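To keep things clear, I will list the structure first and then write my remarks on it.
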Amino acid sequence: MISLLRAASADVAKFLGDCLPKISPDWWSKHVLDRLTFQQQRIAREKNFTQISDFDFAALLRILDQNWFDLSASLTLPREARSWLKELQSVRNKWAHQGAADVSPSEMYRDTDTLELFLSAIGARSETLEAIRRAKADALREMAPMPSQPDEPVASPLSRVIAPVLSAIMKRSALTRRTTLATSTSV
């Protein structure tokens with residue numbers, strides 16, 4: 001999942017880099033640096049960040065969230081995308097602080113599904129979306145029960161009732177055919 005979040009960072013950075021400059025001429029100061037937490041601002045100053053791709057995924061998500069209304073006024077983003085963004089912030093935090101415990105396949109599926117929904121809404125690269133879909137498929141395979149292969153076919157209760165009825169119908173049908181053939185040949 002960490003590699004998917006790294007790939008997602010590039011897509012979110014591209015989206016912000018394309019959209020924020022259209023909002024305001026002083027977009028870097030007003031819509032990037034001023035929207036960060038104090039800690040993120042300090043890191044940006046200390047490391048001399050000069051472009052949106054310098055930020056990590058957490059900062060990019062915060063920048064996007066803090067500029068949501070300005071961006072959504074000029075773009076046609078689905079209303080649900082804001083919820084996906086908020087959920088994605090939690091997903092990012094969970095994975096950034098993941099301990100040694102394994103993540104369940106259902107949790108992995110949910111996290112990758114949210115990531116895919118959000119990135120699709122902002123027009124992410126197809127290779128990023130495909131990698132996410134592969135991770136989702138892997139999680140589904142882990143969740144799916146393995147088919148059991150009994151030694152003998154197991155009859156369902158319904159087949160136990162239907163089998164004798166079908167057998168009787170078949171015998172009657174065969175008997176009717178024989179009687180019809182015998183009658184037609186004797187005439």
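The numbers here are math on the coordinates, done by the rules we state, and not lab data. Since this is a predicted model, take the numbers as computed values, not measurements. As a convention, Cβ positions derive from the backbone with ideal geometry for all residues, glycine included, and neighbour counts pool all protein chains shown.
Annotations for the structure displayed:
- Centroid-to-centroid, using Cα positions, region 84-139 and region 32-49 are 26 Å apart.
- Rounded to whole numbers, the Karplus 3J(HN,Hα) couplings from phi for region 71-83 are 6, 5, 5, 9, 10, 9, 8, x, 4, 5, 4, 5, 5 Hz, using 6.51 cos²θ - 1.76 cosθ + 1.60 with θ = phi - 60°, and x at Gly and Pro.
- E130/A10 FRET efficiency (R0 22 Å; Cβ-Cβ; nearest 0.05): 0.95
- Which of L77, L115 has the fewest Cβ neighbours within 10 Å, and the rest in rising order: L77, L115
- Using the Cβ-Cβ distance between D34 and N93 with R0 = 35 Å, the FRET efficiency computed as 1/(1 + (r/R0)^6) comes to roughly 0.95.
- Cα-projected label distance for R141 with E107, points at 7 Å along beta-carbon direction, nm: 2.2 nm
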